[in-house]
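What follows is calculated from the coordinates using simple rules that are stated; it is not laboratory data. All figures in this text were calculated on a predicted structure; none of them were measured in a lab. Note that we place each Cβ from the backbone using ideal geometry, even for glycine, and neighbour counts take in every protein chain shown.
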Amino acid sequence: MKLSRLIMLPVLALAMMAGPAAAEKLKIGFIYPSPVGDVGWAAELDTGRKAIEAHFGDKVETVFVENVPEGPDAQRIMNQMAATGAKMIMLGSFGYMNDGLRLAQQRPDMTFIHASGYKLADNFGNFQSRNYESSYVVGMAAGYVTKSDTVGVVAAYAIPEVVGMINTFTLGLQRTNPDATVKVVWLNSWFNPSKAQESARSLMAQNADVIYSLYQDTPSVVTVAEEEGVYVINTSSDMKAYAPKMLLASQIADWRSYFIEQVQATIDGNFKGTAFWGGMADKTVDVRSFSSDLTSDQQAELNKVMDSIRSGSFHPLTGPVVDQDGTERLAAGVSIADNDMLGINWLVKGVETRIPQ
Amino acid sequence: MLEVFVFIISGTLAASTPLIYAAMGELVCEKSGMLNLGIEGMMATGAAAGFVLVATTGSHSVGFFGGMICAMGLSLIYAILTVLLNANQVASGLATGILGLGVSSAIGKKYEGTTVTPLADLPLGPLADIPVLGESIFQLDAMVYLSILLVVAVWYVINRTKLGLLIRAIGEAPEYAHSQGLPVRLVRMCCVAFGGAMAGIGGAYLSTAYTPLWAEGMIAGRGWIVVALTVFGTWVVPRVAFGAYLFGVISLLELSIQAFGVNLPSQILSALPYVITILMLAAISRNVTFIRMNSPASLGQSFSP
């Protein structure tokens, strides 16, 4: 009896010490709209989650749920995360915004970061990337390699972000190859690998010798390009492994440092719901895996332009810029304002396809 | 211009192939009076199983066979529920379909977003060297040619053989067929299994030949198109096949029109394949008597001896 009590005491003491320590461990929930594969949007977000685990070690615990449809399912999962002790939630899709914001208002003790939305609260921030910056750079690369002067774009939806990226891509293309034009196929779908492949093939059949795979989560377009021997540029993930010969460059978005900052702020208790729009300057946006087919002079020029974007001395959407109808949208030397960029709904001259109205 | 033509013809044949397999299976299944609404899930299961097998063994034959078996297994669950236990066909079909989507995501989990080498093309000897035509028709993969043979075979069996007569009789009047001593439940189960197997091959074609990658949800509604094609094609083999090819050609035309820079709203273009296919099929099957003659009278009704 005495012996067991003697043993029990230190155990109890340990348990009591461990108690508050365990409670301090920050539990962070992640909700992704699509399955986490090797590549793609969810995979990039998950890289951020892993970076948090690596950086904070025992201080945090992360959980994630993938392939969550926007709507009631998402709401249920975030409520459940909140009920099971999560103090921070990363919402990985635009459509989680309203449910997330409602929960944020009910739970001021929690913090939220939301991908690509526009609503904010004290404990509800959002994040986006200035992918239009890297689009300009890969556009220049496309201009260097195209022989048919025709570049095809397989694009998801004509939302401002995508329209802006096609614009800077085209401006970059025309900088290195003034005669080149751009054809676009709008998929009107975030996810349809077969249709993406068919679109890529239809663009190739119309002479496109560089394909820009804009927001295709799967390597659908990239593998077709490799098969057909046509250069391809990819967005969101580096897909070099799927097209070792024909990948011209990959535009990537890297959320690691932003995620780590936000977790640190939550731990320190000074989280603020802000709109984060990361670009090349803070390394959120970058271009990787340039093809070795680019000459060293071309590569040097690309690096120079990237440096000027990073330093802020060059904005990719700077006038004179003329739209498809020939109207001047930006006068010489004028760069587009952030607010206009967020709502951009016109395409620059040189893009042959119209925006679906 | 010629390249666009080649792209559309060869692309149509390939794009329609998964639909052809699944639709021929569904047609036989419905002819026996069984309405299988789980095609989408069965195609997904076939696609996932086929993909994983090709990725691990490297053999496309193994992939197609495995995809076929898995989808057939799933269709047997549906058959047991409806044929043996007399459960409602619509509800059971939907439930098995949803189960199939879940099974496919479980099978393919580790392979999400990965790719395999596509099924190799099989140029048909000297035919493949004919300019334009050779490139558009005679340089496709073996499964495309087999799908055309399948259409002919299904048409022949349904319309010209005793087996076809048996299936049609059971679909038309199961009680009467039963009273004649015909094995109604056995035939219905076999037809459902055939439908499942074909859906599996269609799915596997999608994931290992047409779009050689696995991504959850990649069937993207094709299973539903198959169900619609069978109904709008009024259970007549050539019409259903025509519907499948029409759907394929319009989907590809849509993309080519967009790439040409024609100024039409792309949302409308995206809806075109569905609209035109349904309108065309509805237009060619206006004859009510003809529809009544071809539609299986007991479709969707359970039968207990």
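Any chance you could run the full-extension gain for B:Ile284 through B:Leu163? It's 0.36 nm times the residue separation minus the Cα-Cα distance, nm to one decimal.
Numbers: separation 121, 0.36 × 121 = 43.56 nm, distance 2.78 nm.
Between B:Ile284 and B:Leu163, full extension yields 40.8 nm more.
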Per 0.36 nm of contour for each residue apart, how much would the distance between B:Lys110 and B:Ala142 grow if the chain were fully extended, relative to their Cα-Cα spacing?
8.7 nm
Chain A - mean residue ellipticity at 222 nm from DSSP helices (-39,500 (n - 2.57) per run, n ≥ 4, rounded to 500)
-13500 deg cm²/dmol
Take every residue in peptide A:26-35, count the Cβ atoms of other chains within 10 Å of its Cβ, and give the average of those counts.
1
Calculated P(r) tail over 24 Å for chain B, as whole % of Cα pairs
53 percent
Prolate/oblate/rounded label for the protein assembly as shown (Cα gyration tensor, a/c 1.5)
oblate
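Based on other C-beta atoms within 10 Å, arrange A:Arg329, B:Arg292 from fewest to most. Display every interim value, and only then the final one.
Numbers: A:Arg329 19, B:Arg292 10.
Ranked by crowding around the Cβ, least crowded first: B:Arg292, A:Arg329.
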Along the Cα-to-C-beta direction of A:Gln324, a point sits 7 Å from the Cα; which residues of the range A:215-234 have their amide N less than 19 Å from that point?
A:215
With the charge dipole of the range B:104-201 built from beta-carbon charges (+1 for Lys and Arg, -1 for Asp and Glu) about the Cα centre, the Cα from B:Ala142, B:Leu182, B:Ala153 projecting farthest to the positive end belongs to B:Leu182
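Quick one: dipole size for chain B, taken about the Cα centre, charges +1 on Lys/Arg Cβ and -1 on Asp/Glu Cβ, in debye to the nearest 20.
Its charge dipole is roughly 860 debye.
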Using alpha-carbon coordinates, inclination of helix A:296-311 to the longest axis of chain A, degrees
50 degrees
Under the rule rounded for a/c under 1.5, else prolate if a/b exceeds b/c, else oblate, using alpha carbon gyration tensor axes a ≥ b ≥ c, the range B:20-140 is classed as oblate
Cα-projected label distance for B:Tyr176 with A:Lys245, points at 7 Å along beta-carbon direction, nm
6.3 nm
Tell me the label-point distance for the pair A:Ile260, A:Asp149, using the 7 Å Cα-to-Cβ offset, in nm and rounded to one decimal.
4.8 nm
Using DSSP H assignments, which helices in chain B have an axial alpha-carbon span of 30 Å or above and a mean Kyte-Doolittle hydropathy of 0.5 or higher?
B:2-31, B:184-205, B:237-260
Dividing the helical contributions, -39500 (n - 2.57) per DSSP H run of n ≥ 4, by the residues of chain B yields a 222 nm value, nearest 500 deg cm²/dmol, of -23500 deg cm²/dmol
Cα long-axis angle, helix A:193-205 against chain A (0 to 90 degrees, to the nearest 10)
20 degrees
May I ask you to sort A:Glu161, A:Glu198, A:Glu61 by Cβ crowding, counting other Cβ atoms within 10 Å and putting the fewest first?
A:Glu61, A:Glu161, A:Glu198
Which one of B:Ala87, B:Met24, B:Leu206 has its Cα pushed farthest toward the positive end of the charge dipole of the protein assembly as shown, where Lys and Arg give +1 and Asp and Glu give -1 at the Cβ?
B:Ala87
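Within a 10 angstrom radius of the beta carbon, how do B:Met189, B:Met24, A:Met280, B:Met43 rank from fewest other beta carbons to most?
Details: B:Met189 21, B:Met24 29, A:Met280 24, B:Met43 37.
Sorted ascending by nearby Cβ count, the order is B:Met189, A:Met280, B:Met24, B:Met43.
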I'd like the orientation of helix A:256-268 relative to chain A: the angle between its Cα long axis and the longest Cα principal axis, in ° from 0 to 90, rounded to 10.
30 degrees
Charge tally in the Cβ shell below 9 Å around B:Asn36, where Lys, Arg are +1 and Asp, Glu are -1, B:Asn36 excluded
-2
Between A:Ala281 and B:Leu94, what FRET efficiency follows from the Cβ-Cβ distance if R0 is 45 Å, with the result rounded to 0.05?
0.30
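Too long at a 28 Å Cα-Cα cut-off: which of A:Lys50/A:Lys119; A:Lys183/B:Lys110; A:Lys119/A:Lys183? Walk me through the intermediate numbers first.
Numbers: A:Lys50/A:Lys119 26 Å; A:Lys183/B:Lys110 35 Å; A:Lys119/A:Lys183 34 Å.
Flagged as over cut-off: A:Lys183/B:Lys110; A:Lys119/A:Lys183.
With an 8 Å cut-off on Cα pairs and a minimum separation of 6 or more residues, tell me the relative contact order of chain B in percent. Can you show the working numbers first?
Working: 559 pairs, mean separation 111.5, N = 305.
Reported as a whole number, the value is 37 percent.
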Percent antiparallel among DSSP beta bridges with both residues in the protein assembly as shown, to the nearest 5?
20 percent
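Please say if the range B:196-305 is rounded, prolate or oblate, where rounded means a/c under 1.5 for a ≥ b ≥ c the square roots of the C-alpha gyration tensor eigenvalues, and otherwise the choice is prolate for a/b larger than b/c and oblate otherwise?
On the way: a/c = 2.72, a/b = 1.35, b/c = 2.02.
Oblate.
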